[in-house]
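Please find one structure pasted underneath; my questions will follow.
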Amino acid sequence: MNTIPTTLDAHRVSYTIVGGGKGKTGGRGVPVSVVVLGRGGRLHRAELLRELERVGFDSILSVEKAGESVEVEAIATGQPTVRHLLLEEDASEGERVNIGIRESPAPYVFVLRDDMKLTTSTLSSRFFERLTEKARLCTTPVVTTRKGEAVPTIIIPAMREDSIKFLLVPASRDEEKNAAPFDFCGIYNRGKFAMLGGYDWTIRAPHWQKLDFGMRAWLWGEEIRSAQALKLICEREPPAEDITLDAHYSRFYLKNLAVSLKGDQGVLPLSRAAGFIFKSGLGPFRALSEFAAVRKWVKINRFRFRTDARGLVDLWEPLSS
């Protein structure tokens, strides 16, 4: 796998931007931009973009998939506040979020999918005021199906048979801790996102890429919490995630679950090397190289760790605020 990034700008994907201007920040009196991740097709996307314009967000960036330039030209003509970002090469889900947040002008960026619908009646100026007051890394939405059924969006780390597992449950209250943003959606603090390094583009499997971002955030002292006032409706069922324990999982595991807190710094102990090489399935030479690369990354960032994974599970207390 590639060298582990230490900054948001460590990797650049080629793209062009069509239509619109960057707009002013804070169409509702609060500095929030919107990034829409393309997935649902032209019909869903056009409807959502019109709704976002009606709500008043005047900085909207739609991150499209390759090969959609013709339809984007047609959509863009009637949407002066919407910009369309056209990727010129393949990019992972996390990379698309990185690009969208990097290109957004406001200090807060609302990321959602184009097959979701925003329930605007619950959003108020007070909600956005509280958002800026709390200044947390990410605020995640409550999601339901078109029939009103709750979609599990809260990820909880828990100990199971001496290993850490991740449970997925519906959001049940305000300010609930979340180990990672569901489907990459949420309102991100742009400055904190950049300081964290964004999503690791070398972990391309969406499930492990998302968990790597979330666990790194919590281990480094940042917070991801849900907001009952931020509601989204899924127009269709999100695609199933691949949770195969492959090379992407191995990198996630070493960067997050294998790190121990020693004093005021995080370390990846050499004592974990033999077990990792034996269990990873990468082969001895590749596994040793991967262990060395992550150990180097941990050393660079050692003073950013505030706890380790076991300490985080012990302090999680999902039923508390």
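The values are calculated or read from the model by the stated rules, or taken from the named source; none is laboratory data. Everything numeric here is computed off the predicted structure, so don't read it as measured data. FYI the Cβ positions are ideal-geometry reconstructions off the backbone, even for glycines, and counts take in every protein chain you see. When the accessible area is computed, the model is the full protein with side chains, heavy atoms only, and any ligands, DNA or RNA have been set aside. Shrake-Rupley method; radii C 1.70, N 1.55, O 1.52, S 1.80 Å.
For the chain, what is the mean residue ellipticity at 222 nm derived from helices alone (per DSSP H run of n ≥ 4: -39500 (n - 2.57); sum divided by total residues; nearest 500 deg cm²/dmol)?
Here the helix-only value at 222 nm equals -9500 deg cm²/dmol.
Could I ask something else about it? By how many degrees, 0 to 90 and rounded to 10, does the Cα axis of helix 125-134 deviate from the longest principal axis of the chain?
20
Give me the lysines in straight-line cross-link reach of Lys299: C-alpha distance below 20 Å, same-chain residues under 8 apart excluded.
Lys255, Lys262
Another question about this same structure. Taking the alpha-carbon distance from Lys231 and a cut-off under 28 Å, which lysines remain once sequence neighbours fewer than 8 residues away in the same chain are dropped?
By straight Cα distance, Lys231 reaches Lys22, Lys24, Lys65, Lys117, Lys134, Lys147, Lys165, Lys177, Lys192, Lys210.
Please give the length that would be gained between Ala240 and Thr6 if that part of the chain were fully extended, namely 0.36 nm times their separation in residues minus their C-alpha to C-alpha distance (nm, one decimal).
81.3 nm
Rolling a 1.4 angstrom probe over the protein heavy atoms, how many square angstrom per residue are accessible across the chain?
So the chain comes to 44 Å² accessible per residue, rounded to a whole number.
For all pairs of alpha-carbon atoms in the stretch 152-247, what percent lies in each bin of width 10 Å, listed from the first bin to the last filled one?
The calculated distribution, bin by bin, is 13, 47, 35, 5.
Per 0.36 nm of contour for each residue apart, how much would the distance between Glu161 and Val18 grow if the chain were fully extended, relative to their Cα-Cα spacing?
Net length gain for the segment: 46.3 nm.
Sticking with this structure for a sec: Using only Cα atoms, tell me the angle between helix 284-300 and the longest principal axis of the chain; keep it within 0 to 90° and round to the nearest 10.
Computed tilt is about 70 degrees.
While we're here: Please compute the modelled spin-label separation between Ala150 and Lys65, points set 7 Å along Cα→Cβ, answer in nm with one decimal.
3.2
Looking at the stretch 78-175, which GluC sites (Glu not before Pro) are in a loop (DSSP not H, G, I, E or B) and have at most 10 other Cβ atoms within 10 Å?
Taking the stretch 78-175 and a limit of 10 other Cβ atoms within 10 Å, the loop GluC sites (Glu not before Pro) found are Glu88, Glu89, Glu149, Glu161.
Dipole of the chain, Cα-centred, from +1 at each Lys and Arg C-beta and -1 at each Asp and Glu C-beta, to the nearest 20 debye?
For the chain, the charge dipole is close to 780 debye.
On the protein heavy atoms, probe 1.4 angstrom, tell me the percent of accessible surface of the chain carried by carbon and sulfur.
On the chain, the fraction of accessible area on carbon and sulfur atoms equals 53 percent.
For Asp90, Asp200, give me the order by solvent-accessible area with a 1.4 Å probe, most accessible first, ignoring ligands, DNA and RNA.
Putting Asp90, Asp200 in descending order of accessible area: Asp90, Asp200.
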